[in-house]
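Visitor: Quick one: the structure is below, and I'll ask about it shortly.
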Amino acid sequence: MASRDEEPRRAQMLAAALEVIAERGFAETRISDVAERAGVSPALVIYYFKTKDDLLAGAMRSSEEAWYAEMGRRTARLPTGSGRLEELVAMTFLSDGTGTPEESWSIWLDLWAQALRDSVVRAVREEFDEHFRQTIRDIIRFGIEQGEFAVVDEDDFAAGFSALLDGFAIQIALDDPVVDARRAFDLAMRIAARELGFAWEAQRGSGARRNRARAAQR
């Protein structure tokens with residue numbers, strides 16, 4: 001674990017890794033590219049992260065931690081389960097100007113691809129997915145307790161809804177001409193409203209929220 005004095009430099013390298021991977025893809029990213037972007041030596045990057053897969057896992061973990069911290073701040077101010085769920089979906093798909101959803105989700109495609117071959121990245125992917133499902137479960141439980149949502153199996157809903165969002169994310173990453181970020185957001189919320197029994201109307205602007213994998217770069 002990095003000491004307190006080392007954390008700023010480590011964070012700088014992680015942010016540089018996210019930028020380079022988003023631009024070039026994981027396969028075309030070299031340790032030297034990340035080092036140049038961070039203004040450090042390749043040897044220092046290797047000292048901190050050992051391998052490129054470790055660097056990818058560390059960069060994504062840093063991004064996820066920032067994303068969940070921001071989401072926690074936002075949802076804590078919202079009194080309804082539907083408002084919290086909408087915030088989660090908006091932060092998943094809609095940009096706030098720091099980067100496009102396509103860039104964000106292209107990094108996730110790289111993570112998923114590496115998880116097929118690398119046990120360290122696979123463990124990180126499993127951890128991230130379970131964290132996302134648990135976040136959805138917590139929101140659903142809150143809405144049920146408030147009497148706002150219909151009583152559903154929280155595990156089943158979280159598994160299905162998280163898979164739905166991931167599926168939309170793949171379409172966004174591939175720049176699909178039919179499913180863009182705005183449509184993914186609207187469709188996901190309509191499906192959630194139907195399954196959970198609450199009323200929802202599209203009102204949110206398309207450029208107002210942060211997408212995943214870019215939160216750590218602000």
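Coordinate-derived values only; no laboratory data. Quantities reported herein were computed from a predicted structural model and do not represent experimental measurements. Virtual Cβ from ideal backbone geometry, glycine too; neighbours counted across all protein chains shown.
Visitor: Is the C-alpha gyration tensor of segment 41-140 telling us rounded, prolate or oblate? Criteria: a/c under 1.5 is rounded; beyond that, a/b larger than b/c is prolate, otherwise oblate.
Guide: Prolate shape, in that a/c is at least 1.5 and a/b is the bigger ratio.
Visitor: With a length cut of 24 Å (Cα positions projected on each helix's long axis) and a Kyte-Doolittle mean of at least -1.0, go through the chain and give me the DSSP H helices that pass.
Guide: Span-like helices, by this rule, are 7-24, 52-76, 119-145, 154-173.
Visitor: So, one more: Round to the nearest 0.05 the FRET efficiency obtained for Ala27 and Ala202 when R0 = 35 Å and r is the Cβ-Cβ distance.
Guide: 0.40
Visitor: Express the relative contact order of segment 130-188 as a whole percentage, based on alpha carbon pairs under 8 Å and six or more residues apart in sequence.
Guide: That works out to 28 percent.
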